[in-house]
Amino acid sequence: MADEYNSEGPNCRYAWLTDCRKPLKSSTNSPAKIRSLHFANKVSKSDAFSPAKHVRVLDFRTDCRHDLMVSIGELKQLRYLSISCGQFPNNPRVIGDTSSNIHMLEHASGAELKVWRLENVKSPGEARSINLSEKQAILELRLWWTSGANRSVDDMELLTELVPPTTLKTFDIGGYCSVGFPDWLMSISNHLPNLVKMVMQHLPNCKSLPPLGQLPNLREISLVSMESLEEWDTSYLSGEDSVNALEKLYIDDCPKLRIRPHFPRAASWSINKSDNVLLPQRESMPHIDCLTAGDSDMPLHQWGFLHHLLSLRKLRIDGCTDLTFSPEICGALHSLKSLGLERCSHAKLEELLGELTSLQELTIWDRKRQLEELPNKMRHLTKLQSLTLWSCPSLRQLPQWLGELGSLKKIEIGSCRAIMTLPESIQELTNLQELKICATLS
């Protein structure tokens, strides 16, 4: 493996070039064997990577020359290309003083394409010239604008020209500042029928979403930092037969978002800094198996969303200042098997754990330094098989009743520097198979 990272070795596979003024041949003895090539500085030579004819990963961290586009087209085995749209003067293809280097993608191919700093594109014609929709080899596409940067072209006007190929499986759009979306995105099922994963990040002005539920193959949706997003209209989901096969839904920092009238039937949900989604709903959601939620200003008993999770198996709460629960929540969580608590107030922890008698896995991270002892009602968790305690600096000892949890198979303790000894009753845990202690320096 050493030669793979040693550019002077005969079997070099990965190269990170910090001095791009030197030709590749002078940096390695075997340029033709390189499979992954990363440029840390501006690439100024048009033949910078031509010896690496079999490269599969090409990563430009900074600006590069527009006449590299022909060289990229010669890389027949290229699968991943990451490019930053920098500016350079006097491009003969564009009238004006400056343009971007997005033209170098005209001859690019590969399964993964990431384009950064799209705010530097000077005209819709520049984007149109790369014929993105014709690049049928692309399976994963990332289009990003820099948040807060000045634009020469309106984001929606530019995105109108960047229609992905129908073969696309993963689409990631970030930093987009327009309120609406182009027509091709609003009729997304006609243009991206094979899409499996959709990621939308840092879209500060977007108020509604494209009809993502019409994508028959969609498995995963991520909505991140969309502070103006108010509504996800799922009215086109009129029955189980018309719902896509969504598996994972990730919602983070979308404080105004409401999903109505129907909830997507994803089995795994993550909801953070999006309290509106946690409010009571009008329908049961037996399909949700796993939920991560947190960074909420609401006490747990106001999470009406939980009332309808009749088959929830795994729950992780990351950031909740009040674990006060309600009878409705306890009823909904009767079948809960796994619970993780991180950055939570532990004032009501004893009452909560006393109700979760089906629990098999419990993980506690106490970064707030509030947990001084394990709640006494934990001794009733007779089905508990795994106990993990991480970052509990105020926890001084484990209780003697720990030996009563006869189903325990695994105990893991990490960064709990105040615990100096284990209780003698741990010898009574005859089913214990794994005891892991991660020591930390005081």
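The values are calculated or read from the model by the stated rules, or taken from the named source; none is laboratory data. The model shown is predicted, which means the values in this text are computed figures rather than measured ones. Every residue, glycine as well, gets a Cβ built from its backbone with ideal geometry; the counts of neighbours run over all protein chains shown. Only protein heavy atoms, including side chains, enter the accessible area calculation; ligands, DNA and RNA are left aside. Shrake-Rupley method; radii C 1.70, N 1.55, O 1.52, S 1.80 Å.
Using 20 Å as the cut-off for backbone N distance, which residues of segment 354-382 belong to the label zone defined by a point 7 Å from the Cα of ILE419 along Cα→Cβ?
354, 359-382
Quick check: Cα centre of segment 255-283 to Cα centre of segment 306-360, how many Å?
If you average the Cα positions of each part, the centres end up 18 Å apart.
Which residue, chosen from LEU203, TYR250, GLY213, occupies the Cα position most advanced towards the positive end of the dipole of segment 150-259, where the dipole is computed from +1 (Lys, Arg) and -1 (Asp, Glu) charges on Cβ about the Cα centre?
TYR250
Cross-link list LYS122/LYS207; LYS114/LYS337; LYS169/LYS409; LYS368/LYS409: which exceed 30 angstrom alpha carbon to alpha carbon?
LYS114/LYS337; LYS169/LYS409
What Kirkwood hydrodynamic radius do you get for segment 310-442 when you take the inverse of the mean 1/r over all pairs of distinct Cα atoms, in Å?
When all Cα pairs of segment 310-442 are included, the Kirkwood radius is 15.1 Å.
At a Förster radius of 41 Å, what calculated FRET efficiency corresponds to the Cβ-Cβ distance of GLU350 and GLU134, to the nearest 0.05?
Plugging the Cβ-Cβ distance into 1/(1 + (r/R0)^6) gives 0.05.
Taking amide H atoms as placed 1.01 Å from N in the peptide plane, list the residues 5 or more away in sequence, or in a different chain, whose amide H sits under 5 Å from that of ARG316.
Residues meeting the criterion, in which the H sits 1.01 Å from N, are LEU291, THR292, ALA293, GLY340.
So what is the accessible area of segment 246-289 per residue, in Å², with the probe set to 1.4 Å?
43
Quick check: residue separation of HIS334 and MET298 times 0.36 nm, minus the Cα distance between them. What number comes out in nm?
Here the segment from HIS334 to MET298 would lengthen by 10.8 nm.
What's the carbon and sulfur percent of segment 253-398's accessible surface, probe 1.4 angstrom, rounded to a whole number?
Its accessible area is 42 percent carbon and sulfur atoms.
Net charge near ASP366, counting Lys/Arg +1 and Asp/Glu -1 over other residues with Cβ under 9 Å of its Cβ?
Taking every other residue near ASP366 into account, the sum is +3.
Report the per residue volume, in Å³, of the convex hull enclosing the C-alpha atoms of segment 287-335.
Dividing the Cα hull volume of segment 287-335 by its residue count gives 62 Å³.
Report the local net charge at GLN302: Lys and Arg +1, Asp and Glu -1, summed over other residues whose C-beta lies under 14 Å from its C-beta.
-3
Measuring from a point 7 Å past the Cα of LYS314 along Cα-to-C-beta, which residues in segment 351-373 have an amide N at less than 14 Å?
360-363
Once the other residues with Cβ under 10 Å from the Cβ of TRP390 are scored (Lys, Arg +1; Asp, Glu -1), what is the net sum?
Local net charge: -2.
How long are the semi-axes of the equivalent ellipsoid of segment 120-169, defined as square roots of 5 times the Cα gyration tensor eigenvalues? Whole Å, largest first.
21, 13, 7
GLU161: accessible area at probe 1.4 Å, nearest 10 Å²?
Here the accessible area works out near 50 Å².
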